[in-house]
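The structure under discussion appears below in the form of C-alpha coordinates.
The values are calculated or read from the model by the stated rules, or taken from the named source; none is laboratory data. Since the model is a prediction, treat every value here as computed from it, not as a measurement. Keep in mind that these areas ignore ligands, DNA and RNA; they rest on the heavy atoms of the full protein, side chains included. Shrake-Rupley method; radii C 1.70, N 1.55, O 1.52, S 1.80 Å.
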Amino acid sequence: MGREGVRGPWGCDLTGIANADILSDMKTFTVRDLDREPGAVLDACEREGAVKIRRRNGRTYTLKPDASARPRMPLRDWLDDLEQRRRKLFPKPVLTRNQAREFDRSLANEDRVL
(Lines give C-alpha, C1' and ligand atoms only; values in the text may rest on other atoms or scores of the structure.)
Protein backbone atom coordinates (compact mmCIF):
# COMPACT_ATOMS: atom_id res chain seq x y z
CA MET A 1 0.00 0.00 0.00
CA GLY A 2 1.42 3.38 -1.02
CA ARG A 3 0.91 6.82 0.44
CA GLU A 4 -2.57 6.92 -1.08
CA GLY A 5 -3.81 4.86 1.88
CA VAL A 6 -3.22 7.71 4.35
CA ARG A 7 -4.54 10.54 2.25
CA GLY A 8 -7.92 12.12 2.82
CA PRO A 9 -10.55 12.68 0.12
CA TRP A 10 -8.95 16.01 -0.88
CA GLY A 11 -5.46 14.59 -1.12
CA CYS A 12 -4.19 15.94 2.21
CA ASP A 13 -1.94 13.83 4.40
CA LEU A 14 -3.96 12.70 7.44
CA THR A 15 -0.90 11.54 9.38
CA GLY A 16 0.89 14.89 9.31
CA ILE A 17 1.72 16.90 12.40
CA ALA A 18 -0.52 19.79 11.31
CA ASN A 19 -3.57 17.53 11.67
CA ALA A 20 -2.58 15.96 14.99
CA ASP A 21 -4.81 18.30 17.02
CA ILE A 22 -7.76 17.71 14.69
CA LEU A 23 -7.49 13.95 15.17
CA SER A 24 -7.26 14.19 18.97
CA ASP A 25 -10.17 13.46 21.29
CA MET A 26 -10.33 17.08 22.43
CA LYS A 27 -13.04 19.18 20.80
CA THR A 28 -11.57 21.93 18.61
CA PHE A 29 -13.20 25.29 17.93
CA THR A 30 -12.11 28.25 15.86
CA VAL A 31 -11.69 31.81 17.05
CA ARG A 32 -14.81 32.59 15.03
CA ASP A 33 -16.76 29.97 17.03
CA LEU A 34 -15.54 31.58 20.23
CA ASP A 35 -16.65 35.00 18.98
CA ARG A 36 -20.06 33.96 17.65
CA GLU A 37 -21.05 31.24 20.11
CA PRO A 38 -19.08 31.70 23.34
CA GLY A 39 -21.73 29.88 25.38
CA ALA A 40 -21.48 26.75 23.23
CA VAL A 41 -17.68 26.77 23.51
CA LEU A 42 -17.80 27.21 27.30
CA ASP A 43 -20.48 24.52 27.67
CA ALA A 44 -18.32 22.09 25.69
CA CYS A 45 -15.34 23.08 27.85
CA GLU A 46 -17.33 22.32 31.00
CA ARG A 47 -18.62 19.04 29.59
CA GLU A 48 -15.33 17.81 28.07
CA GLY A 49 -12.91 19.24 30.65
CA ALA A 50 -10.99 21.25 28.03
CA VAL A 51 -11.29 22.41 24.43
CA LYS A 52 -8.87 23.65 21.83
CA ILE A 53 -9.17 27.02 20.08
CA ARG A 54 -7.49 27.16 16.66
CA ARG A 55 -6.38 30.35 14.91
CA ARG A 56 -6.17 30.77 11.15
CA ASN A 57 -2.38 30.52 11.28
CA GLY A 58 -2.71 27.02 12.80
CA ARG A 59 -1.68 27.83 16.36
CA THR A 60 -3.87 26.22 18.99
CA TYR A 61 -4.72 27.16 22.55
CA THR A 62 -6.25 25.02 25.27
CA LEU A 63 -9.18 26.39 27.25
CA LYS A 64 -9.88 24.69 30.60
CA PRO A 65 -12.44 25.57 33.28
CA ASP A 66 -11.03 26.82 36.59
CA ALA A 67 -11.25 24.48 39.52
CA SER A 68 -14.29 25.38 41.55
CA ALA A 69 -13.64 27.39 44.69
CA ARG A 70 -15.45 24.84 46.81
CA PRO A 71 -15.31 21.14 46.08
CA ARG A 72 -18.67 19.66 45.30
CA MET A 73 -20.30 18.04 48.28
CA PRO A 74 -22.33 14.85 48.09
CA LEU A 75 -26.08 15.28 47.78
CA ARG A 76 -26.79 13.88 51.25
CA ASP A 77 -24.35 16.37 52.87
CA TRP A 78 -25.82 19.22 50.83
CA LEU A 79 -29.36 18.33 51.93
CA ASP A 80 -28.27 18.09 55.56
CA ASP A 81 -26.58 21.49 55.32
CA LEU A 82 -29.68 22.97 53.72
CA GLU A 83 -31.86 21.55 56.51
CA GLN A 84 -29.55 23.02 59.19
CA ARG A 85 -29.67 26.45 57.56
CA ARG A 86 -33.47 26.26 57.26
CA ARG A 87 -33.80 25.38 60.94
CA LYS A 88 -31.52 28.27 61.86
CA LEU A 89 -33.69 30.71 59.86
CA PHE A 90 -37.01 29.21 60.99
CA PRO A 91 -36.46 27.67 64.44
CA LYS A 92 -40.18 27.17 65.04
CA PRO A 93 -42.35 25.38 62.54
CA VAL A 94 -44.42 27.81 60.53
CA LEU A 95 -47.40 25.45 60.64
CA THR A 96 -48.17 22.63 63.02
CA ARG A 97 -48.73 19.19 61.53
CA ASN A 98 -52.49 19.54 61.96
CA GLN A 99 -52.48 22.96 60.29
CA ALA A 100 -50.41 21.58 57.41
CA ARG A 101 -52.86 18.66 56.96
CA GLU A 102 -55.83 21.03 56.94
CA PHE A 103 -54.09 23.23 54.40
CA ASP A 104 -53.34 20.20 52.19
CA ARG A 105 -56.97 19.07 52.41
CA SER A 106 -58.22 22.51 51.44
CA LEU A 107 -55.89 22.58 48.44
CA ALA A 108 -57.02 19.12 47.37
CA ASN A 109 -60.68 20.14 47.59
CA GLU A 110 -60.19 23.51 45.93
CA ASP A 111 -60.92 22.18 42.44
CA ARG A 112 -64.16 20.59 43.71
CA VAL A 113 -65.41 23.92 45.03
CA LEU A 114 -64.87 25.70 41.71
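Observations
- Think of a 1.4 Å ball rolled over the protein heavy atoms: the stretch 38-92 then has 93 Å² of accessible area per residue.
- Spatially proximal lysines relative to K64 (Cα-Cα < 25 Å; intrachain offsets below 8 disregarded): K27, K52
- Extension gain for R32-E46 works out to 3.1 nm (0.36 nm per residue, less the C-alpha to C-alpha distance).
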